[in-house]
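Written below as structure tokens is the structure these notes are about.
Bear in mind that the values in this text are calculations on the coordinates, not laboratory data. Keep in mind that this is a model prediction, so the values were computed, not measured. Cβ placement follows ideal geometry from the backbone for every residue including glycine, while neighbour counts extend to all protein chains displayed.
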Amino acid sequence: MRVVRVREFGPPQVMRIEEAEPPRPAAGQAVVAVEMAGAIYAETIVRSGRYPMPLPYEPGIEVGGRVVEVGPDVDPSLLGRRVVATTVGNTGGYAELALAEVDGVYPVPDGLPLERAIPVFQAGAVGIGILSAMRVQAGETVLITAAAGRVGSLLVQLAKAAGAHVIGAASSPGKLAVVADLGADVTVDYSTPDWVDQVREATGGRGAEVVLDAIGGAIGEQALQAAADGGGRIGVYGFASGTWLPLDVHQIVRRGLSVTGPLGIAFARPTADQRADALQALDAAAAGDLVPRVHAIHPLEQACDAHTDLEQRRTIGAVLLTP
Ligand SMILES: NC(=O)c1ccc[n+]([C@@H]2O[C@H](COP(=O)([O-])OP(=O)(O)OC[C@H]3O[C@@H](n4cnc5c(N)ncnc54)[C@H](OP(=O)(O)O)[C@@H]3O)[C@@H](O)[C@H]2O)c1
């Protein structure tokens with residue numbers, strides 16, 4: 001079977017298609033014949049060598065397709081089912097066949113196309129987990145950075161559905177138009193120097209009760225400036241800029257802010273609860289309540305174009321690959 005393999009860390013071109021033996025499922029595992037795989041920003045970080053991973057490795061965390069083989073102790077009724085799945089070890093999804101732990105395999109609701117199921121089952125669960133960990137309440141103002149991104153575009157919709165007043169922030173007018181279309185009440189371009197003032201203005205001077213930051217670095221630091229004094233809650237869940245949000249403890253103490261790692265809270269819950277979030281996201285997508293944006297669908301041979309687009313901040317929503 002064909003698989004994308006990385007033998008050295010570096011630019012997107014280090015990803016090469018190679019032939020490999022088909023994976024064989026051990027106990028608790030299933031093999032998915034991949035029809036589509038997600039290409040996600042975190043995978044560009046690993047490929048570039050900024051996150052430890054033994055070489056060689058095969059990228060690909062999330063896939064969709066049909067189950068074609070199951071491990072010895074696995075319910076055989078899974079065979080032939082249309083599923084989305086997290087790959088074993090978060091690798092091997094950019095391939096014709098991928099191996100998944102059964103705990104990370106989810107039947108796709110009837111009528112929901114894979115290009116809408118793959119972008120929501122993990123990213124939607126992450127969004128649901130983040131909002132729950134941050135205890136977002138109806139009526140609160142939530143500022144979301146990278147709001148046009150894979151997770152961000154779902155967070156905007158989920159926060160709106162929870163009754164929040166959503167301020168979506170991103171880096172270009174094109175992205176902001178999509179964020180507004182997804183339901184954000186206010187959009188702000190953080191490539192403009194006065195964007196924190198714009199958030200303050202949009203909140204009557206108070207600032208956002210909740211800030212959800214996926215970027216860190218200078219933008220994350222500015223997002224923290226836009227939090228409401230006397231109780232603003234900052235949820236840090238990514239560092240797309242390459243550095244985590246720098247924290248000035250004196251400022252946090254003086255302004256009465258709290259900083260939380262909402263994904264750590266979500267991932268510490270029992271597996272059954274995390275599965276329930278993924279199933280909830282899939283059901284919401286099937287009902288049309290959670291609508292993922294798909295930026296592009298590339299053939300496997302163009303995986304490096306997908307990574308280039310992600311790294312150059314050109315993507316809105318999800319990017320998919322077809323083997
Ligand atoms: N810990 C976890 O398990 C977990 C799970 C899911 C996601 N995350 C994290 O959450 C973040 C968002 O993930 P995602 O998959 O939804 O990605 P994404 O938002 O689709 O892509 C990353 C976005 O970050 C923004 N960005 C700002 N500075 C950037 C830079 N220097 N280089 C590249 N992008 C930059 C870009 O949007 P603008 O151009 O609009 O700024 C870009 O589109 C990532 O940091 C990811 O690692 C973590």
- Projecting the Cα atoms of S153, A177, V136 onto the charge dipole of the stretch 124-266, where Lys and Arg contribute +1 and Asp and Glu -1 at Cβ, the residue farthest towards the positive end is V136
- Task: Averaging over all projection directions, find the projected area of the Cα convex hull of the chain and quote it in nm² with one decimal place.
- Result: 15.8
- Item | Tensor-based shape of the stretch 222-323 (alpha-carbon gyration tensor, a/c under 1.5 rounded, otherwise prolate or oblate) | oblate
- Item | Net charge dipole size for the stretch 83-208 [Lys, Arg +1 and Asp, Glu -1 on Cβ; Debye, nearest 20] | 220
- Find how many whole Å separate the alpha carbon centroid of the stretch 193-270 from the alpha carbon centroid of the stretch 59-102. 37
- Item | For the chain, calculated [θ]222 nm from helices alone, where every DSSP H run of n ≥ 4 adds -39500 (n - 2.57) | -9000 deg cm²/dmol
- Message: On C-alpha positions alone, give me the angle between the axis of helix 150-161 and the longest principal axis of the chain, in degrees, nearest 10.
- Response: 60
- Task: Identify, among A26, V236, A278, the residue whose Cα sits farthest towards the positive end of the charge dipole of the chain, taking +1 on the Cβ of Lys and Arg and -1 on the Cβ of Asp and Glu, with the dipole about the Cα centre.
- Result: V236
- Towards the positive end of the charge dipole of the chain, with charges on Cβ (+1 Lys, Arg; -1 Asp, Glu), say which of N90, S48, L257 has the farthest Cα. L257
- Item | Chain lengthening between A218 and V253 when straightened (0.36 nm per residue, less Cα-Cα) | 10.6 nm
- Kirkwood Rh over Cα pairs of the stretch 70-141 into Stokes-Einstein at 4 °C, 1.567 mPa s: D in µm²/s? 90
- Message: Give me the dipole magnitude in Debye, nearest 20, for the chain about the Cα centre, with unit charges on the beta carbon: positive for Lys and Arg, negative for Asp and Glu.
- Response: 340
- Roughly how big is the stretch 1-146's charge dipole about its Cα centre, with Cβ charges of +1 (Lys, Arg) and -1 (Asp, Glu), in debye to the nearest 20? 340
